[in-house]
1. Of the residues B:Phe96, B:Phe65, which single one is more than 23 Å from A:Tyr89 (Cβ to Cβ) and either surrounded by fewer than 14 Cβ atoms within 10 Å (Cβ to Cβ) or more than 15 Å from the chain's Cα centre (by Cα) (or both)?
2. With the requirement that a residue be open to solvent by less than 20 Å² (accessible area, probe 1.4 Å) and within 16 Å of A:Leu7 (Cα to Cα), what does the range A:68-82 give you?
3. If we only count strands (runs of 3 or more DSSP E) wholly inside the range A:1-56, which ones have 1 or more residues that are within 11 Å of chain B (Cβ to nearest Cβ), more than 11 Å from the chain's Cα centre (by Cα) and buried (at least 19 other Cβ atoms within 10 Å of the Cβ)?
4. Of the numbered conditions (1) at pLDDT 95 or above; (2) outside any loop (DSSP other than H, G, I, E, B), B:Thr47 satisfies every one except a single condition; which is it?
5. Report yes if some residue within the range A:25-48 is touching a residue at least 60 places away in the same chain (Cβ under 8 Å) and on the phi > 0 side of the Ramachandran plot; otherwise report no.
6. Can you pull out every residue in the range B:48-72 that is within 14 Å of chain A (Cβ to nearest Cβ) and farther than 15 Å from B:Arg22 by Cβ?
7. State yes or no: is B:Leu91 more than 8 Å from chain A (Cβ to nearest Cβ) and buried (at least 20 other Cβ atoms within 10 Å of the Cβ)?
8. If I filter the range B:29-41 for residues that are without any contact (Cβ under 8 Å) to a residue 24 or more places away in the chain and either within 13 Å of chain A (Cβ to nearest Cβ) or open to solvent by 60 Å² or more (accessible area, probe 1.4 Å) (or both), do I get at least one hit?
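The values are calculated or read from the model by the stated rules, or taken from the named source; none is laboratory data. Nothing here was measured: the structure is a model prediction, and the numbers come from that model. Cβ: placed from backbone, ideal geometry, glycine included. Neighbour counts: every protein chain shown. SASA here: full protein model, heavy atoms, side chains in, ligands and nucleic acids out. Shrake-Rupley method; radii C 1.70, N 1.55, O 1.52, S 1.80 Å.
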Amino acid sequence: AQSVTQLDSHVSVSEGTPVLLRCNYSSSYSPSLFWYVQHPNKGLQLLLKYTSAATLVKGINGFEAEFKKSETSFHLTKPSAHMSDAAEYFCVVSVPNYGGSQGNLIFGKGTKLSVKP
Amino acid sequence: GAGVSQSPRYKVAKRGQDVALRCDPISGHVSLFWYQQALGQGPEFLTYFQNEAQLDKSGLPSDRFFAERPEGSVSTLKIQRTQQEDSAVYLCASSFGGQGSSYEQYFGPGTRLTVT
């Protein structure tokens, strides 16, 4: 069965400092992994995705994540936080079904990122 | 460009009432998903359509929940005899591909349902 665990429910950083949001996954298959961001009163937006190509994945707004199979991790990082990064972040694994296509998504519980001026 | 839209954005229902939530996916998207997001939680899968066919409804929490997509575009999620535990944000997502594909899911803004 597939699952994801986000290790921190809340992370607070100062503007201009690095961001690290941690995620561990469990999957019976070679996983497809994603990070989504949810700003208040807005829809979920895809930040980046890993689908068995390069293990270091670059996303939008300067975010990146590294797939580490040995550690079953997919942590999200950004070198320098911006005030606009304050939001809820979800680590997600895709359930393969219907002949191997990406099916429904399984979300972690989310990490709320706060950015202090 | 037009994204996924959902209506209403907010719905207040009295316990026992029936509600219908609408999703307009991106034009041409084959796949449509419904998710339920309880307060302070991540979204949880409810059901999946490929065109008009409902291929997976394993996430529907009870037989009070029913979804349809009769013409393979707009979808409606119906909840009968609403209960307080149904209070949540209901998210719709669509993606271009169907079986055998791997395309990004685009999410709508959600419908916040409050059952009083």
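1. B:Phe96 is the lone residue from the list that is more than 23 Å from A:Tyr89 (Cβ to Cβ) and either surrounded by fewer than 14 Cβ atoms within 10 Å (Cβ to Cβ) or more than 15 Å from the chain's Cα centre (by Cα) (or both).
2. Going through the range A:68-82, the residues open to solvent by less than 20 Å² (accessible area, probe 1.4 Å) turn out to be A:73-74, A:76, A:81.
Within the range A:68-82, A:Ser73, A:Phe74, A:Leu76 qualify.
3. Strands (runs of 3 or more DSSP E) meeting the threshold: A:33-38, A:44-50.
4. Single failed check for B:Thr47: (1).
5. no
6. B:Tyr48, B:Gln50, B:Asn51, B:Ala53, B:Gln54, B:Leu55, B:Asp56, B:Lys57, B:Ser58, B:Gly59, B:Leu60
7. Taking the combined requirement at face value, the residue does not satisfy it.
8. yes
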